[in-house]
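Structure first, commentary second.
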Amino acid sequence: MTIGKKIRFRRELLGYSQQELADKAHIGRSYISEIENGKYQPTAPVIVGLAKALKCTADYLIEDSEKEAV
């Protein structure tokens, strides 16, 4: 699952609109949309802010869950 899909999943699980998440993470709503749609990859500070707002770890957001264990 991509970082954008994980962000959307957590946002919807918590019942947040894109605007509510943007407000909590202190970033623009359009940037949330662009991340969720795979247009942009968030920077490390943005990932940390999103993780706090989404009540999860930054590792959860950036972990590649489709990668096979070696």
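Three semi-axes describe the equivalent ellipsoid of the chain; taken as square roots of 5 times the Cα gyration tensor eigenvalues and ordered largest first, they are 19, 12, 11 Å. How would the range 1-41 be classified by its alpha-carbon gyration tensor: rounded, prolate or oblate, with rounded meaning a/c under 1.5 and the a/b versus b/c comparison settling the rest? Oblate shape, in that a/c is at least 1.5 and b/c is the bigger or equal ratio. For the chain, what is the relative contact order in percent, using Cα pairs closer than 8 Å and at least 6 residues apart in sequence? Relative contact order comes out at 37 percent.
Label reach from residue 63 (point 7 Å along Cα→C-beta): in the range 10-35, amide nitrogens under 19 Å belong to 10-14. Around residue 24, with a cut-off of 12 angstrom between Cβ atoms, what is the net charge of the other residues, counting Lys and Arg +1 and Asp and Glu -1? With Lys, Arg at +1 and Asp, Glu at -1, the net is +3.
Using a probe radius of 1.4 angstrom, the carbon and sulfur fraction of the accessible surface of the chain is 53%. Per residue, the chain exposes 66 Å² of solvent-accessible protein surface, assessed with a 1.4 angstrom probe and all protein chains in place. Site-free segments of the chain were taken between GluC sites (Glu not before Pro) in DSSP loops having at most 11 other Cβ atoms within 10 Å, sites themselves excluded; the longest one is 1-65. About the centre of its Cα atoms, the range 1-63 shows a dipole size close to 60 debye [charges on the beta carbon of Lys, Arg (+1) and Asp, Glu (-1) only; nearest 20 debye].
The values are calculated or read from the model by the stated rules, or taken from the named source; none is laboratory data. Just so it is clear, the model here is predicted, and its values are computed rather than measured. Note that we place each Cβ from the backbone using ideal geometry, even for glycine, and neighbour counts take in every protein chain shown. To get the accessible areas, we keep the full protein, side chains included, count just its heavy atoms, and leave off ligands, DNA and RNA. Shrake-Rupley method; radii C 1.70, N 1.55, O 1.52, S 1.80 Å.
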